[in-house]
Structure formats: C-alpha cells, structure tokens
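> Quick one: this structure, given as structure tokens, is what I'll be asking you about.
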Amino acid sequence: MISGRFTKPLLYTLYFAALCVFFLYVLFPAQSVKGYIQRQVQEANPAYRLTIARLQPALPWHLSMSDIALYLHGRKLLAAPQGTLSPRLLSLLGPQKRFDFAAAAMGGHIRVYVKHPPPQLAAEIHLEKIKLQKIPALKAFGGRSAAGVLSSAFQYRRDKGFSRADGSFSLSDVRIALVNPFMGLKNVLLRSMSGKFTLRQDNLRFSQCTFSGRQADGSLAGRILLRQPPGDSRLNMETVIRPQAELLAALKNSPTTRWLAAKTAPNAKFTLKLGGTIAKPSLNLR
C-alpha cells in the first residue's frame, strides 16, 4: 500500500501529465502542421499535391488524418478516408527524420516508411490488396474499366530533381473491359500477373512479367514513356501470348481473326507488339 508521503506527489505528477496532454491536444497547431506536411510533399516533387481535410494529435505519439488525397499533375491518384502519421521518436534527434504512414484505402492498405533528410526524399511503399476499381486514377480511364486486386512493394527516391523507383507488383482476378473488341474478346481476364518495374523520371519499364488466365498465359516486357495527360503516354511493349481454349474459341468466332485460329496449333504462341499511345494504342500481331 502506497503511503501518504508518496501519494500526493504521485497525484500531482499524474495531474500535471494529464494537463500537458490536454493543452497539447487543445492548443495543437493543426493548420500549421498540415500546411507543413503538404508543402514538404510538393517541394519534394512539384508534380504531386497532397490534401488533408483534418489533422489532429492522437495517443500515444502520432497524428490522425482524415480525407487524404494525393494528386499527380492535378489528377487524383490515391485517396484514403483515414490515416496515421507516426514519427520514429529517436530519429527526431538526428539529421535524418523518419516517419511511418498507414491508411486503409481503396479496399486495401497503404503503408509508407519515409526518410526525409532535405533536400532528399526516400520512401519504402507497400500497397496491400488494393482494388483496381477503387483507384481514382483508373476509374473509367479512356472509356475502359478495370477490376482486380493489386499488391506492390517498391523503393522511391528523389534527389536533386531526379526521381527513381524500383519494385515488384502482383495482380489477381483482373478484368479489363475493352472499348473495342480485340481478337474476338470484349474483356481481358487474368487469374494472376506478377513482375518487376523500374521508374527513371518519366521512363517506366516492366521486366520478368508473367500472367496466366483461362484466356491465355504469357509474358510481358517493355516500357511506357509517361506523358501528360496520361493518355498521351507512349507505349513500346511486347507480349508473348499462349492462347487457351476460351481465346481460341473467340478467335474462331470472329470473322477478322478466324484465319489466326486456323493457323494456331495446340500449345502454340504468338507475339503482340503494342505501340502508339495509351489512348490510341497500335497493335502488331506476329
């Protein structure tokens, strides 16, 4: 049992601590901190803009955010209703600050681990089970619609105006509606797809990409030269396709591809080159 000699100092200590927490919460400069975070994102890369509707401190040592959106060249790229930003407390004493960001978003989760020694920016980004149909940047892009589940992990770095990213991705249960039927298909269906990618400024490259589905199996490689608006991005990609029963049936039923079905032997494969732009792709079948 605590003696009276220790009870009063303990109560005063707890009271003072509670008072500090109360005034920290009430007097917290939320607008200033929110503005600082938004400026840091834009200064790191002027192409991006972050908006936060509300920011406030939360126990034990993190910031709670609501209605978060990230824009790229004025177009909404990602959105999350809630998120938390937590500093690595010991890092605040050194030159390199570290923060952890986490949010449930777009049907999945986003986790970002940031190192921020100005003027550099480095981040490790994890996208976990994001639903394609809920990504603002992909909604009805170019008249197309996409559904599926995306997971990705990559390293991003920006230093002296040069940005780069390296990572991997996986997709599952993918369905892409085509504006115009292609090879007798109105939708592209994939059970799974995975691969690696690199980004150097505006040059996005894909490698070691393989996919499988009831329509076809195959591989994909090449690059996309990113432009604004996104529909003007240039394609230079090649995919090797091994048709399955559903694709072969679609080829036979289409007057324009019936000749290809007649020439396609079991377990055969053919190459499809993609050029042009994302908005107006050109296809060359070999």
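The values are calculated or read from the model by the stated rules, or taken from the named source; none is laboratory data. Note that this is a predicted model, so its numbers are computed, not measured. In this analysis, Cβ positions are derived from the backbone assuming ideal geometry, glycine residues included, and neighbour counts consider all displayed protein chains. When the accessible area is computed, the model is the full protein with side chains, heavy atoms only, and any ligands, DNA or RNA have been set aside. Shrake-Rupley method; radii C 1.70, N 1.55, O 1.52, S 1.80 Å.
> Would you call Val188 at pLDDT below 90 and over 26 Å from Tyr48 (Cα atoms)? Lay out the reasoning, then the answer.
On the way: at pLDDT below 90: yes; over 26 Å from Tyr48 (Cα atoms): yes.
The answer is yes for Val188.
> Just to be sure I understand, how many residues within the range 148-165 are farther than 30 Å from Leu251 by Cα and open to solvent by less than 50 Å² (accessible area, probe 1.4 Å)? Let's see the steps before the verdict.
Going through the range 148-165, the residues farther than 30 Å from Leu251 by Cα turn out to be 151-165.
Filter once more, so that each one left must be open to solvent by less than 50 Å² (accessible area, probe 1.4 Å): 151-154, 156, 158-159, 161, 163, 165.
Within the range 148-165, residues that are farther than 30 Å from Leu251 by Cα and open to solvent by less than 50 Å² (accessible area, probe 1.4 Å) number 10.
> So, one more: Just one of the numbered conditions (1) exposed (fewer than 14 other Cβ atoms within 10 Å of the Cβ); (2) among the hydrophobic types (A, V, I, L, M, F, W, C); (3) in a helix (DSSP H, G or I) is not true of Val179; which one?
For Val179, the failing item is (3).
> For the range 193-208, does any single residue satisfy the condition of being at positive phi and out of contact with any strand residue (DSSP E or B) (no Cβ under 9 Å at 6 or more places or on another chain)?
No, the range 193-208 contains no residue that is at positive phi and out of contact with any strand residue (DSSP E or B) (no Cβ under 9 Å at 6 or more places or on another chain).
> Among the residues of the range 219-237, is there at least one that is at pLDDT 85 or above, open to solvent by less than 40 Å² (accessible area, probe 1.4 Å) and outside any strand (DSSP E or B)?
Yes, the conditions are met somewhere in the range 219-237.
> If you don't mind, there's one more thing I want to ask. Looking at this structure, is Phe211 in contact (Cβ under 8 Å) with a residue 12 or more places away in the chain, farther than 27 Å from Arg164 by Cβ and aromatic (Phe, Trp, Tyr)?
On the way: in contact (Cβ under 8 Å) with a residue 12 or more places away in the chain: yes; farther than 27 Å from Arg164 by Cβ: no; aromatic (Phe, Trp, Tyr): yes.
No, not satisfied.
> Further question: Does Leu185 count as closer than 21 Å to Leu132 by Cβ and open to solvent by less than 30 Å² (accessible area, probe 1.4 Å)? Break it down into steps so the answer makes sense when it comes.
On the way: closer than 21 Å to Leu132 by Cβ: yes; open to solvent by less than 30 Å² (accessible area, probe 1.4 Å): yes.
Yes; evaluated as a whole, the condition is true for this residue.
> Test of understanding: among Phe197, Phe206, which residue is within 14 Å of the chain's Cα centre (by Cα) and aromatic (Phe, Trp, Tyr)?
Values: Phe206 fails: within 14 Å of the chain's Cα centre (by Cα).
After ruling out the rest, the residue left standing is Phe197.
> In this structure, is Ala79 modelled with pLDDT under 90 and either surrounded by fewer than 18 Cβ atoms within 10 Å (Cβ to Cβ) or at negative phi (or both)?
On the way: modelled with pLDDT under 90: no; either surrounded by fewer than 18 Cβ atoms within 10 Å (Cβ to Cβ) or at negative phi (or both): yes.
Criteria not met by Ala79.
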